[in-house]
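Since the structure comes first, as structure tokens, the remarks are kept for the end.
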Amino acid sequence: MRYYLPELIFSDRGAAARKLEQNIQKYNAHFEKIRPRLEPNLLELVNCRLHDLCVNSVEYRTRLNEKRQQSRNLIIRVGPIHLYFWGLKHSTADEEHVGHAWLYDEIDLTPTGDFTLSVLLTDGEFEVTARHVTFLDVPPVTEPVRHAKPKRQSRHRKRH
């Protein structure tokens with residue numbers, strides 16, 4: 001995290017609040033500069049409102065890409081949302097982050113065109129650098145639908 005610094009967020013001193021406000025303005029200006037180069041899924045992710053949602057799982061997967069080379073991917077479940085990071089270059093996310101709430105995130109671009117997502121949690125932070133991100137909003141599990149038993153039809157027809 002370069003802007004949403006834990007020592008500023010978790011402080012109740014006035015000077016820290018002022019510094020945090022300055023950092024937020026700096027980040028917003030930086031984000032507006034890189035916005036035109038961000039892929040649409042990253043822009044959607046920014047609007048996803050992950051604040052205060054719990055990190056439910058962190059899972060790494062390896063698969064063969066179209067050139068038959070191994071590719072590492074990452075799936076992070078945050079509340080009802082599954083984030084899929086494709087073409088993973090670097091990540092510090094792991095199981096120790098499960099159970100903590102997502103507070104703030106920052107997006108930046110690398111010189112190679114990948115993106116870096118930095119995330120501050122209630123206890124800790126992590127960073128993911130990847131080529132692409134997709135996500136799926138999974139509705140929360142509710143009570144199973146209970147279907148009424150079909151009414152038994154009489155074998156005898158009523159006569160009119």
Candidates VAL55, VAL46, VAL119; GNM for the chain (alpha-carbon contacts under 10 Å) flags as most fluctuating VAL46
Net charge near SER118 (other residues with Cβ under 9 Å of its Cβ; Lys, Arg +1; Asp, Glu -1) is -4
Going residue by residue through region 85-98, the Karplus relation 6.51 cos²θ - 1.76 cosθ + 1.60 with θ = phi - 60° gives ³J(HN,Hα) values, rounded to whole Hz and with x marking Gly or Pro, of 9, 9, x, 5, 9, 7, 7, 10, 6, 7, 4, 5, 8, 5
Residue-normalised 222 nm signal for the chain, counting each DSSP H run of n ≥ 4 as -39,500 (n - 2.57), nearest 500 deg cm²/dmol, is -6000 deg cm²/dmol
Sparse-neighbourhood loop hits (GluC sites (Glu not before Pro), region 41-73; DSSP loop; Cβ within 10 Å at most 12 others) -> GLU66
Residues meeting the amide H criterion for THR110 (H placed from the backbone, H to H distance under 5 Å, 5 or more places apart or on another chain) are PHE115, THR116
Checking rank on 19-28, 78-87, with mean other Cβ inside 10 Å and highest first, the result is 78-87, 19-28
Placing each pseudo-label 7 Å from Cα in the direction of the beta carbon, LEU43 and THR92 end up separated by a distance in nanometres of 3.0
Of 102-110, 90-98, ordering from highest average Cβ density within 10 Å down gives 102-110, 90-98
HN-Hα couplings for region 5-14 via Karplus (6.51, -1.76, 1.60; θ = phi - 60°), in whole Hz with x for Gly/Pro, come out as 7, x, 5, 8, 5, 8, 9, 10, 7, x
Subtracting the Cα-Cα distance of GLU59 and ILE9 from 0.36 nm times their residue separation yields 15.2 nm
The long-range amide H neighbours of LYS89, using H built 1.01 Å from N in the peptide plane and a cut-off of under 5 Å, are THR129, ALA130, ARG131
Scoring only Lys, Arg, Asp and Glu (+1, +1, -1, -1) among other residues with Cβ under 11 Å from the Cβ of LEU109 yields 0
Other residues with Cβ under 13 Å from the Cβ of MET1 give, with Lys and Arg +1 and Asp and Glu -1, a net charge of -4
By the Cα gyration tensor axes a ≥ b ≥ c (a/c under 1.5 gives rounded; else a/b larger than b/c gives prolate, otherwise oblate), the shape of region 1-149 is oblate
Once both label points are put 7 Å beyond Cα along the C-beta direction, the ILE75-ARG35 separation in nm becomes 3.3
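Read-outs: derived from the displayed coordinates by stated rules, not from any lab. All values derive from a computational prediction rather than experimental measurement. Positions of Cβ are generated from backbone atoms using ideal geometry, with glycine treated the same way; all protein chains shown enter the neighbour counts.
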